[in-house]
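Report on the following structure.
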Amino acid sequence: MLRKKKQTPQEQSDQEFNLALEVPAEQRPKGWRPFVRRNWKRIAAAACAAAVAGALLLPGKGAKPAGVDTEYLESAVERRNITNVFSGSGTIAAANTYTVNALVSGTVLTADFAVGDTIEEGTVLYTIDSSNASNSVEKAQLSLDQAQRNYEDAVDAQYVRSTIGGTLASYKVAVGDVVTAGQEVATVRDASTLLLTLEFPAADAANFSVGQTAQVTLDGTFEQFKAYVDAHAEQNPSCLCFTGEAEKLGVPCVEYGREGDGADQAKHIFRCLRALDEQGDAVVYARCPQKDGLSMAVYNRLIRAAAFRVIKL
C-alpha cells in the first residue's frame with residue numbers, strides 16, 4: 001500500500017515555484033501583472049535601494065548653483081552710534097558709606113532721627129552729655145587762644161617797635177644790614193622821668209629823705225650847647241659832637257662817637273681831631289663826654305686839645 005507524505009507549506013511553495021519555472025513560455029500568462037506577482041519581493045527591494053541612493057546623491061532643493069554671483073547693496077557713508085548692550089545680574093549699593101563714631105564717652109541725651117530719614121552734611125545725630133567733652137572743649141579753647149597769640153607775635157616780630165615813647169638817641173643799623181634776634185638796633189630815651197646818679201659826702205645822707213623835692217641844674221646838655229652855638233653863629237664855628245647831632249646844629253660838624261659810649265668815642269676821637277686840624281677852622285666848639293671810664297680818657301684828651309678852655313653852660 002502506498003502512502004503519500006504530507007508536504008510542509010514551504011516545500012509546497014518551492015515546488016509551485018519550480019513548476020512555474022518549468023512552464024513553457026508559450027503557456028505562461030502574458031502582461032506585467034503576472035510578472036509583478038511572481039517577482040514583487042525583488043522589485044520592492046530594488047525600489048528601496050534606488051530611493052536611498054537618490055536621497056544621498058541628488059542635490060537638495062535649497063542649494064544654490066555654484067556659478068551664481070554675490071549681490072551687494074551700496075549705501076552713502078555716514079556717522080552712526082554703536083550701542084553695546086550688556087545684560088547681567090548684580091547688587092546695587094550706595095557708592096559712599098560713612099560710619100559715624102562717637103568721639104567721647106558719656107550718656108546719649110538726644111537721638112532725633114529714624115532709619116530711612118534723609119540728612120544733610122553736618123546734621124547732629126546724637127547729643128552726648130560728658131564731662132570729658134567739656135574739659136576737652138576748655139583745653140581746646142585755651143590752645144586756640146595761645147595759638148592766636150603766637151600767630152600775632154610771629155606776624156608782629158618783623159616790625160621792631162619801641163616799647164616806650166621818647167627821643168631816639170641813637171641807631172645802630174641801616175637799610176640793607178643783616179641783624180640777628182636780640183641784637184641792639186637803637187636807643188630811645190624817655191625824658192619824662194630822669195635818673196640822676198652822683199656822688200655826695202656820706203655825712204649829707206642824713207639830710208635826705210625819700211620823696212624830698214630837689215633842684216637839679218644840668219651842665220652841658222645838647223639844647224644848651226646848640227643855643228650857645230646859635231648865639232655865636234657870627235664866628236662861623238665848627239662843632240665836634242656826638243653821632244646824630246650834626247644835622248641838628250646847622251654848622252659844619254665832625255661826629256666822634258655815640259653819646260655815653262666811651263669805647264666808640266675813643267675809637268674815633270684822634271681821627272676827628274686830625275680832620276678839624278686839616279680844615280683849619282678858627283673856632284671849634286666840642287661836646288664834652290662823661291667823666292667816667294673810657295669817656296674820662298676822651299675828656300682829658302679834649303681839654304688838652306682846647307688848652308684847658310672849658311665853657312660852663
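Please treat every number below as a calculation from the coordinates, not as lab data. What you see is a predicted model; the values in this text were computed from it and never measured. Counting neighbours? That spans all protein chains shown, and the Cβs are built from the backbone with ideal geometry, glycine included.
In table form, for the structure just shown:
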read-out	value
Of Lys267/Lys291; Lys172/Lys312; Lys226/Lys248, pairs whose Cα-Cα distance is over 20 Å	Lys172/Lys312
For Gly220, residues with placed amide H under 5 Å, excluding near neighbours	Leu313
Exposure proxy order (Cβ contacts within 10 Å, fewest to most) of Thr127, Thr180	Thr180, Thr127
In the range 213-313, chymotrypsin sites (Phe, Trp or Tyr not before Pro) in a DSSP loop with at most 12 other beta-carbon atoms within 10 Å	Phe308
Karplus 3J(HN,Hα) series, Hz, for the range 269-279 with 6.51 cos²θ - 1.76 cosθ + 1.60 (x for Gly, Pro)	4, 5, 4, 5, 5, 5, 5, 5, 5, 5, 6
Sorted by Cβ neighbour density within 10 Å, fewest at the top, the residues Cys241, Cys253, Cys272, Cys48	Cys48, Cys272, Cys253, Cys241
Gly257 long-range amide H proximity, modeled H, under 5 Å	Thr243
Under the Debye formula (equal points on every Cα, no solvent term), log10 I(q)/I(0) of the range 239-302 at q = 0.15, 0.25, 0.27, 0.29 Å⁻¹	-0.41, -1.08, -1.21, -1.33
In the range 94-181, the GluC sites (Glu not before Pro) that fall in loop regions by DSSP, at most 10 other Cβ within 10 Å	Glu120, Glu121
Amide H contacts of Ala169 (H built 1.01 Å from N, under 5 Å, at least 5 apart or other chain)	Thr187, Val188, Arg189
The range 183-262-the range 82-144 distance, computed between alpha-carbon centres (Å)	74 Å
Rounded to whole Hz, the Karplus (6.51, -1.76, 1.60) HN-Hα couplings of the range 259-266, x for glycine and proline	5, x, 10, x, 5, 5, 5, 5
Compactness of the range 90-187, expressed as Rg and Dmax over alpha-carbon positions, Å	27.4, 86
Residue-by-residue Karplus 3J(HN,Hα) for the range 77-92, coefficients 6.51, -1.76, 1.60, Hz, glycine and proline x	6, 8, 7, 9, 8, 9, 10, 9, 10, 10, 10, x, 10, x, 10, 9
Cβ-based net charge around Ala307, under 15 Å, with every Lys or Arg adding one and every Asp or Glu removing one	+2
Cleavage-rule hits, trypsin sites (Lys or Arg not before Pro), the range 216-313, DSSP coil, Cβ neighbours within 10 Å at most 12	Lys291, Arg309, Lys312
